[in-house]
Amino acid sequence: MDSTYRFSSDSSDIDRARVHRWLSEESYWAKGRSPATQDQAIDASRNFGVYETISGQQVAYARVVTDGITFAWLCDVFVACEVRGQGLGIALIEGIIDVFEPLNLKRMLLSTGDAHGLYSKFGFEPLDMPSKWMQRVAQQ
């Protein structure tokens, strides 16, 4: 990442309104998510962002749900439309991996509908035995 942008793992840097707008209006996985739900998710997770150095404006976001010892779930990864194609998604994931690598977690998972190529650069691969995994989806 060039000096135009900076990576941060400081949750106090997060532009909560911007992140909420991105996820609730532009993502395919969190459409309609309420501000209260998003704030609770931020507060219960480790948060990461990429910011313009001069303006301080946030241009990318991701969060990780983790126990910090054995398991992590990478989620809500989003890069603002106007800066896509500049390698900021790569920089964001690289920064997150750098934070978690020393923890030697047994497993880090994610789900993606369209960014398999990005994540494979960092060692993510399809589940060996997806039939072992189960989910429980909340009843609406």
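The values are calculated or read from the model by the stated rules, or taken from the named source; none is laboratory data. These numbers were taken from a predicted model, which means no experiment stands behind them. Every residue, glycine as well, gets a Cβ built from its backbone with ideal geometry; the counts of neighbours run over all protein chains shown. Side chains included, ligands, DNA and RNA excluded: accessible areas come from the protein's heavy atoms. Shrake-Rupley method; radii C 1.70, N 1.55, O 1.52, S 1.80 Å.
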Each label sits 7 Å from Cα toward the beta-carbon; between Trp73 and Glu125 the label points are separated, in nm, by 2.4 nm
Expressed as a whole-number percentage, the relative contact order of the chain with C-alpha contacts under 8 angstrom and at least six residues apart is 20 percent
The simple spin-label model distance between Thr112 and Asp39, using points 7 Å out along Cα→Cβ, in nm, is 3.2 nm
Taking the alpha-carbon centre of each part, the distance from the range 80-136 to the range 2-65 in Å is 16 Å
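Give me the percent relative contact order of the range 1-69, please, defined on Cα pairs under 8 angstrom at least 6 residues apart. Can you show the working numbers first?
Numbers: 87 pairs, mean separation 25.2, N = 69.
It rounds to 37 percent for the range 1-69.
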The simple spin-label model distance between Val137 and Val99, using points 7 Å out along Cα→Cβ, in nm, is 2.9 nm
Taking only protein heavy atoms and a 1.4 Å probe, the highest-to-lowest accessible-area order of Met108, Met129 is Met129, Met108
Heavy-atom accessible area per residue of the range 1-133, all protein chains kept, 1.4 Å probe, expressed in Å², is 57 Å²
